[in-house]
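Take a look at the structure set out below.
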Amino acid sequence: MNISLAKLKAIILYFAENTNAQYLGKVKLMKLFYYLDFLHVKRYGTPITGDTYFHLEKGPIPSSIMNLITELTTDPEASKLSDDITIIHPVGTRMIKIEGLRKFTDADKNLFAKSEIEMLELVAKRFGDDSTDQVVDTSHKEAPWKETEYGQVIPYELAAHDADSLFAEDEIRLLQEMAI
């Protein structure tokens with residue numbers, strides 16, 4: 001993962017503020033990160049977080065980000081996210097709901113390139129009111145999901161196999177190498 005903790009928190013705060021709070025649980029948040037990264041790859045050739053995605057039952061999961069959210073759930077005092085993000089367990093549900101402890105600010109916005117803000121806005125607008133199941137189902141229709149098996153790493157290059165990608169597989173690979 002090649003993203004600062006401040007930027008990662010800002011993404012979570014943005015989604016907490018700009019999506020339907022009723023549906024923003026752990027699983028949906030992971031899908032929003034997937035779309036943030038893979039849509040950026042399709043349009044600009046590189047991911048935003050650089051996290052490693054795995055093919056799991058509920059769709060693509062960013063491993064390092066998932067670990068940080070899990071730590072927030074299991075040990076909030078030790079979590080690197082707990083000063084800005086909290087987890088709520090709504091009564092009568094199994095949901096792990098994500099909430100911001102502060103608003104997304106101009107200082108947060110300044111952490112992002114113009115293309116990254118564009119993707120944040122696009123993902124929030126496109127999936128903000130969708131239920132977790134709807135976002136999971138949509139992610140299962142994407143080439144990166146369809147072309148990998150359970151437990152496998154989902155390479156960013158597979159984004160090139162979707163019709164809306166502006167980049168070929170080799171171009172994405174080259175741009176990722178250049179970013180390292």
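The values are calculated or read from the model by the stated rules, or taken from the named source; none is laboratory data. Model, not experiment: these values are computed from the prediction. Cβ sites come from the backbone with ideal geometry, for glycine too, and all protein chains shown count toward neighbours.
Yes/no matrix, rows are residues, columns are (1) over 13 Å from Ser139 (Cβ atoms); (2) outside any helix (DSSP H, G or I):
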{"site": "Ile3", "(1), (2)": "yes, yes"}
{"site": "Ala6", "(1), (2)": "yes, no"}
{"site": "Ala10", "(1), (2)": "yes, no"}
{"site": "Leu29", "(1), (2)": "no, no"}
{"site": "Phe33", "(1), (2)": "no, no"}
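Hey, among Lys109, Lys97, Lys28, which residue is crowded, with 21+ Cβ neighbours inside 10 Å and either on the phi > 0 side of the Ramachandran plot or of a type in the set (Lys, Arg) (or both)?
Within the list Lys109, Lys97, Lys28, the selection yields Lys28.
Of the residues making up the stretch 120-161, those that are in contact (Cβ under 8 Å) with a residue 60 or more places away in the chain, of a type in the set (D, E, K, R) and not in a helix (DSSP H, G or I) are Asp129, Asp130, Glu142, Glu149.
Look at Gly151 and say whether it is of a type in the set (Gly, Ala, Ser) and under 18 Å from His55 (Cβ atoms). Yes; evaluated as a whole, the condition is true for this residue.
Just one of the listed residues (Asp108, Asp164) is in contact with a Lys or Arg (Cβ under 9 Å, 6 or more places away or on another chain), part of a loop (DSSP other than H, G, I, E, B), acidic (Asp, Glu) and at pLDDT 95 or above, and it is Asp164.
Applying the selection to the stretch 72-99, what residues are outside any loop (DSSP other than H, G, I, E, B) and modelled with pLDDT of 95 or more?
Answer for the stretch 72-99, where residues must be outside any loop (DSSP other than H, G, I, E, B) and modelled with pLDDT of 95 or more: just Ile85.
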